[in-house]
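One structure is given here, and the rest of the page talks about it.
The numbers here are math on the coordinates, done by the rules we state, and not lab data. Small disclaimer: the values here were computed from a predicted structure and weren't measured. Cβ atoms come from the backbone with ideal geometry, glycine included; neighbour counts cover every protein chain shown.
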Amino acid sequence: MVGRVGKSKTQPAASLAVLDRDHLSRHTYGDEELQTELIGLFASQCARLFPVIAGQGAPGERADAAHTLKGGALGVGAFAIAAAAQAVEGALRDEGDASAESLAGLSDAVAAFAAQVSHRR
């Protein structure tokens, strides 16, 4: 499936959609008002969760925040964020920390999402 993130078929975040509007439209039955609301809620979720993920808290707490962000990203079609959050979550769970590179990738994906949706509002 194009744009999906899974354990067996991960794609680099840079090659995935910042926001797949077709995905979001399908899941909202074309309701543009609902799409706008969901994008706003997800943007708020990014702002709330990224500091937790990038912070110095317990690895499990940070991994849970990355997992939550990944789920929200998949729901709205922000597949680059989902892939980056998945990478960070995996590192936190497997190694107890995430590399600066993986955190930068997530930060870049979140920034690209914010830039794209700010132009569309």
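See the values below:
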| read-out | value |
| --- | --- |
| Helix-only mean residue ellipticity at 222 nm for the chain, each DSSP H run of n ≥ 4 adding -39500 (n - 2.57), per residue, nearest 500 | -24000 deg cm²/dmol |
| Length-normalised contact order for the chain - Cα pairs under 8 Å, 6+ apart - percent | 32 |
| Unit charges at the beta carbon, dipole of the chain: most positive-side option, Gln116, Leu49, Gly30 | Gly30 |
| Rounded to the nearest 20 debye, dipole of the chain from Cβ charges on Lys, Arg, Asp, Glu | 200 |
| Angle between the chain longest axis and helix 79-95 axis [Cα atoms, degrees, rounded to 10] | 20 |
| Linear extension gain, Arg21 paired with Ala111, 0.36 nm per residue minus alpha-carbon span | 30.7 nm |
| Crossing angle, helix 100-120 versus the chain [Cα axis fit, 0-90 degrees, rounded to tens] | 20 |
| Whole-Hz couplings from phi, Karplus 6.51/-1.76/1.60, listed for segment 53-62; x for Gly and Pro | 4, 7, x, 9, x, 4, x, x, 5, 5 |
